[in-house]
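The values are calculated or read from the model by the stated rules, or taken from the named source; none is laboratory data. The shown structure was predicted, so the numbers you read here are calculated from the model rather than taken from an experiment. Using ideal geometry, Cβ is built from the backbone for each residue, glycine included, and neighbour counts are taken over all protein chains shown.
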Amino acid sequence: MRKSLRRAGLLSSLPILALLALVFVAPLLVVLGFSVMPTKTFTLLQWPTLENFGTIVGQTYYKSLLWSLGLSLATVVALLLICYPLAFAMAKVFGVFTNVITVLVVLTLFVSENIRLFGWVLVFMKGGLLSGTLKAWLGLEIGSLLYNVPVTVFGLVYVYFPFMLFPLTLGISMVPDELRHAAADLGASRWTVLREIDLPLAMPGILVGCMLTFVLCTGAMLESKLLGGQKVIVMADEIETAFTYGQNWPLGSALSVVLISLIGMIAVFVLRRIDLDQILGKT
Amino acid sequence: MSGTERSVVLRLDGITKKFGDFAALDGISLDIHDGEFLTVVGPSGSGKTTMIRLLVGMDSPTGGDIYLKGERVNDVPANKRPTCMVFQSLALFPHRTVGQNIEFPLKIRKVPPVERRARAMELIALLHLPAEYYDKNVMQCSGGEQQRVALARALAFDPEILFFDEPLSALDFRLRKMLEKELKDLHRQTGKTFVYITHSLEEAMVMSDRIAIMRVGRIEQIGTPDEIYNAPTNRFVAEFMGEVNLFHVRCAPDGRLEVPEIGVSLACPETVVADVAEATLMVRPEVIRFLGPGEKADCVLEGTVFNEYVLGSRVQYSVRVGGKTLSVERLREDRYTGALDTGVVIGWNARDSRLLGPGS
């Protein structure tokens, strides 16, 4: 009985499994395959080689990798600090106003990232919205605020804001108010309540938000290109260059494999260190 | 216990709490004595939960003052008050073990871990929980066990006053009965002041030294369980206690009471209330007897037995007299032996009934 049920389940999931295999697993395998092909070739039918990985280690790609990870980390930290208070208010304080904020934040996603970032370029450029206004009203000359690392982080924070905000709001709304009251009643200060009750219980939401934004940031390059003016080159940028200008698919694939496996390892490490079941009280 | 004079630990002086135009509490004055078990009883909407929120410090009163050991504490927040509450939902920390839950208030006071653990083990034993529960996840405990953990956590705080917001309401009947008694025993063992909120007067009767009955933001009556049971001051309190027989009566010139509803007159109990034309006569089901031929009582009514309900050690009857259904309760050993729908004579002694003020 159970066995036949399981088979029925497998059979009915077959179409979607096939689709996933075709559009999700197959491209990854192709990338993996190309990463071990000789450099600057366009076919998978050759003897595997590790020369691409040699190239990566030999050259200064580690800088791009470190910039990618560093910018992502900075973005996640900034997002956490900005979003937590807002998410708390959305989950516990604002009431109906929460829906207004949700709609406004979601609306920004309807406009392409490109266009939104160009908007910020117009704000920050020399003689742009910000410096022009300051000059006209206060006579202040600030010049261009573009093409540096902080403005790149700003761009990342701006673009990935919703991906931190919504998981956090969900996580915080899962913490019953009574627990907070009970902890305070037992003598806990606000900070203690935050540390002992809010943060551990909202941790699933916090983790999801952090992982999501971190992974998205490591794959982002428009921010460093448009706002950062390629002051720093991030990994995603390097990969794109290898595939397009470099016409070097194997090198691009190898770079992708390095980035994917690194992020995969970080994700597994984080999720393992923190037992989701225990957080949710289901051990 | 009521006779001994004790110091007042918590004094409410003309407390009001308004939400917009609505007065949830309308001038509550009450002294809570050190070491007593006071239960506040009222139907939903009576303001009892609003009151406890003020007493715990989760909210401030709109008017009046709260004094804790003589000090005004109106605006002192919950985490600065030496009182503690057991929530209706218990509010146990689901991400912590039983031991960590109990030790929480001690951890906040920076008690060293060894002492914390020792105290937690003491409390686990006091609350009849197995010692190995110390490391158990609190969400894996049963409803009754969670009750005990919540109680242990509150006791670990070592509060001046322990508040309870209907913590037993979610439990099944048998467990509730058991925990009511345990709570009363715990009160004796610890000697702490317990203030308990419930909608069940029955629960209050079992546990309390004193009971305050609330209705729409006011206290209707406050007294020992015996006082409330035997001498309710008005119809609301009498009815709240469960099944009683109430008669609208008129005081006739001959000193008897006329009951227009069923067209009879009854002997008046000694407890005459002032000089009022109309009043309510309360007769408890257990004071009414079935009268055999030749037996006498001060008040006698004729009716028919409509139905019989066995309650265990007691048996209850509904007896129809005129258009009114009366409730009669007898012990099992002197239960009614006749058939249903036959005529019976029932009666009671006037001194067992009670005349209530005209109130509503």
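Only residues that are under 19 Å from B:CYS84 (Cβ atoms) and either surrounded by fewer than 16 Cβ atoms within 10 Å (Cβ to Cβ) or not assigned by TED's automatic domain parsing to the domain that holds B:ASP172 (or both) were counted in segment B:116-149, giving 2. Summed over segment B:180-227, the residues that are aliphatic (A, V, I, L, M) and over 18 Å from B:LYS48 (Cα atoms) give a count of 3.
Among the residues of segment A:46-85, those identified as more than 19 Å from the chain's Cα centre (by Cα) and either in a helix (DSSP H, G or I) or at pLDDT 90 or above (or both) are A:GLU51, A:ASN52, A:PHE53, A:GLY54, A:THR55, A:ILE56, A:VAL57, A:GLY58, A:TYR61, A:TYR62, A:LYS63, A:PRO85. When residues in segment B:61-81 are screened for being part of a loop (DSSP other than H, G, I, E, B) and facing chain A (nearest Cβ under 9 Å), 2 of them pass. If you go through segment B:302-360 and keep only what is among the hydroxyl-bearing types (Ser, Thr, Tyr) and touching a residue at least 60 places away in the same chain (Cβ under 8 Å), you end up with B:SER327, B:SER353, B:SER360.
In contact with a helix residue (DSSP H, G or I) (Cβ under 6 Å, 6 or more places away or on another chain) and without any contact (Cβ under 8 Å) to a residue 60 or more places away in the chain: does that describe A:LEU129? So A:LEU129 passes the test.
Residues of segment B:40-52 that are farther than 15 Å from B:ASP26 by Cβ and either at pLDDT 90 or above or touching a Lys or Arg at 6+ places or on another chain (Cβ under 6 Å) (or both): B:VAL41, B:ILE52.
So that you can scan it fast, the table gives a plain yes or no per residue for (1) in contact (Cβ under 8 Å) with a residue 40 or more places away in the chain; (2) within 14 Å of chain B (Cβ to nearest Cβ); (3) within 25 Å of A:ILE115 (Cβ to Cβ):
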position: A:LEU138; (1), (2), (3): no, no, no
position: A:VAL151; (1), (2), (3): yes, no, yes
position: A:MET174; (1), (2), (3): no, yes, no
position: A:CYS210; (1), (2), (3): yes, no, no
position: A:GLY228; (1), (2), (3): yes, no, yes
position: A:ILE233; (1), (2), (3): yes, no, yes
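Does B:VAL56 satisfy being within 14 Å of chain A (Cβ to nearest Cβ) and not charged (D, E, K, R)? When the stated conditions are applied, B:VAL56 passes them.
Of the helices (runs of 4 or more DSSP H) lying entirely inside segment B:131-218, those containing at least 3 residues that are within 14 Å of chain A (Cβ to nearest Cβ) and out of contact with any Pro (no Cβ under 7 Å at 6 or more places or on another chain) are B:143-156. Set side by side, the residues B:GLU243, B:GLU302 differ, and just one is part of a strand (DSSP E or B), acidic (Asp, Glu) and surrounded by fewer than 18 Cβ atoms within 10 Å (Cβ to Cβ), which is B:GLU302.
For segment B:95-125, the tally of residues that are within 11 Å of another protein chain (Cβ to nearest Cβ), in contact (Cβ under 8 Å) with a residue 40 or more places away in the chain and within 22 Å of B:LEU162 (Cα to Cα) stands at 6.
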